[in-house]
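Worksheet: the structure to be examined is printed underneath.
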Amino acid sequence: MISASSHEAMPLVLRNCTVIDAQHPEPREGMQIVIEGERIQEVTPEPVRISSAREIDIRGRSVLPGLIDCHNHIFLSEVYTRRLEAVPLTLMAAQAIPVLRASLDRGFTTMRDAGGADWGIRDAVDRGIISGPRLFISGRALSQTGGHGDYRLRTESDIPCGCASALRFGKFIADGVTEVRRAARDQLRQGANQIKVMVSGGVASLNDPIDARQYSAEEIRAIVEEAEAWKTYVMAHAYTPEAIIHAVSNGVRSIEHGNLVDVEAARLISQKGAYVVPTLVTYDALHRRGAEYGLPAVSMSKLSRILEVGLKSIEILKGEGVKIGFGTDLLGELREEQSREFSIRAEVLTPYEIICQATAVNAEILNRTGELGVVAPGALADLLVVDGNPLNDISLLEHQGRYLSLIMKGGWLYKNVLDA
């Protein structure tokens, strides 16, 4: 296996490319892309002659930036998350290896883990020990007692250490300004790229209603202050308008899910310059397959409410000019449906809008504008070659990467069937 940290030893020229990215509303045909090391050096319609360069003729196929999934959970290997209590940390990490590789096979060259992944798995990818998308990790998601991250049974009283099972590894229960400030600092100390916080109830947790507003304004502001001190930001699990307004008013930059958003909440998000990362595919997949994998009745009941308003939430957000990111949030066996998010969104958005969300908008969320999500000089050479035009058929980005004839991550040719 070629190391994910290695790049082409010589310059590489991709010829005859039809480039599609967020910087240009129309495809650019007949383009040449010059790559040196891990970055793009030139994108030009003019002939390029580099005597020492390797060349690949793309033959007019579509070239896109690598895809970005801004809401993923690589360590959550069970649909019914209580079952993770029986998964030791060693097995948890081992099970993430094929998950990461499968995501790269689908063209996702970058993923933001929304709670659970740590610096160890991120470094394993960066060093080329594991093949997978580059990771932006949140560490352990912060939850108040009784919040969405508190998975204790009602008969349990002790707060778990987070060191014994996959269920406990991804969550940190903290209450009060002093505790949440310490918890945020500790996640940053351990390498978190951003901080995740729970501010409403959720589907997977058994004891908190969807409508529960979680964490006080003072607690959220303390967490945001600590993140900003490290030049990063806070992302928040939030469904209801009340929870969304509560989070954004206190400095949260990225709202996760947001299914129950209304016009008032969407308008505030837009005014604050915050983002929303919907994850529609997870509700669709849970609705169809959740019971098969043990999702309990209480979760299925919560799910029905969230599922029916998903597409409407996208329409509301778009109407108020909110920047919409792209996420999936799939668990366990359902993660194979990662790319179906494209077709679900296509019911209310154009293929170009969705591609922009999964590339340039997500790069903005990650604070990597110009480095990720574009085909441009100076950007990391994360590139996909698609057999066909995804602007005409967005489903070409599905099917487990079947229509991706080349996948490049940071100048590393992970997949290339064009020379075959």
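The values are calculated or read from the model by the stated rules, or taken from the named source; none is laboratory data. A quick note: this is a predicted structure, and the numbers were derived from the prediction, not measured. Methodologically, a virtual Cβ is constructed for each residue, glycine included, from the backbone with ideal geometry; neighbour enumeration extends over all protein chains shown.
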task: May I ask you to verify whether residue 91 is buried (at least 19 other Cβ atoms within 10 Å of the Cβ) and within 23 Å of the chain's Cα centre (by Cα)?
output: no
- prompt: Taking residue 302 and the conditions (1) surrounded by fewer than 17 Cβ atoms within 10 Å (Cβ to Cβ); (2) farther than 17 Å from residue 71 by Cα, which numbered condition does it fall short on, given that it satisfies the others?
  reply: (1)
task: May I ask you to verify whether residue 184 is in contact (Cβ under 8 Å) with a residue 40 or more places away in the chain and in the same structural domain as residue 311 (by TED's automatic domain parsing)?
output: yes
- prompt: In the range 226-238, what count of residues is obtained for those that are over 14 Å from residue 143 (Cα atoms) and either at pLDDT below 95 or out of contact with any Gly (no Cβ under 8 Å at 6 or more places or on another chain) (or both)?
  reply: 7
message: Go through the range 381-398 and report how many residues are in a strand (DSSP E or B) and crowded, with 24+ Cβ neighbours inside 10 Å.
response: 3
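Here is a yes/no grid of residues against (1) closer than 20 Å to residue 260 by Cβ; (2) at pLDDT below 95; (3) not assigned by TED's automatic domain parsing to the domain that holds residue 302:
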| position | (1), (2), (3) |
| --- | --- |
| 124 | no, no, no |
| 171 | no, yes, no |
| 193 | no, no, no |
| 211 | yes, yes, no |
| 216 | no, no, no |
field: strands (runs of 3 or more DSSP E) wholly inside the range 110-204 that include at least 3 residues being closer than 23 Å to residue 244 by Cα
entry: 141-143, 171-173, 195-198
query: Restricting the search to the range 246-265, which residues are buried (at least 20 other Cβ atoms within 10 Å of the Cβ), among the acidic types (Asp, Glu) and part of a helix (DSSP H, G or I)?
result: none
- prompt: Would the range 355-371 turn up any residue that is of a type in the set (Ser, Thr, Tyr) and either within 14 Å of the chain's Cα centre (by Cα) or within 21 Å of residue 259 (Cα to Cα) (or both)?
  reply: yes
task: Write out, first by first residue and then by second, each pair whose Cβ atoms fall under 7 Å of each other, whose residues are 6+ apart or on separate chains, and whose first residue, in the range 105-129, is free of Cβ contacts under 8 Å to residues at least 40 places away in the same chain while the second is in a loop (DSSP other than H, G, I, E, B).
output: 124/130
Number of the exception - residue 352 against (1) touching a His at 6+ places or on another chain (Cβ under 9 Å); (2) among the aromatic types (Phe, Trp, Tyr); (3) over 30 Å from residue 203 (Cβ atoms): (1)
field: Residue among 204, 243 that alone is in contact with a Ser or Thr (Cβ under 6 Å, 6 or more places away or on another chain), touching a residue at least 60 places away in the same chain (Cβ under 8 Å) and assigned by TED's automatic domain parsing to the domain that holds residue 137
entry: 204
statement: For residue 418, the lone unmet condition from (1) more than 14 Å from residue 67 (Cβ to Cβ); (2) in a helix (DSSP H, G or I); (3) touching a Ser or Thr at 6+ places or on another chain (Cβ under 6 Å) is (2)
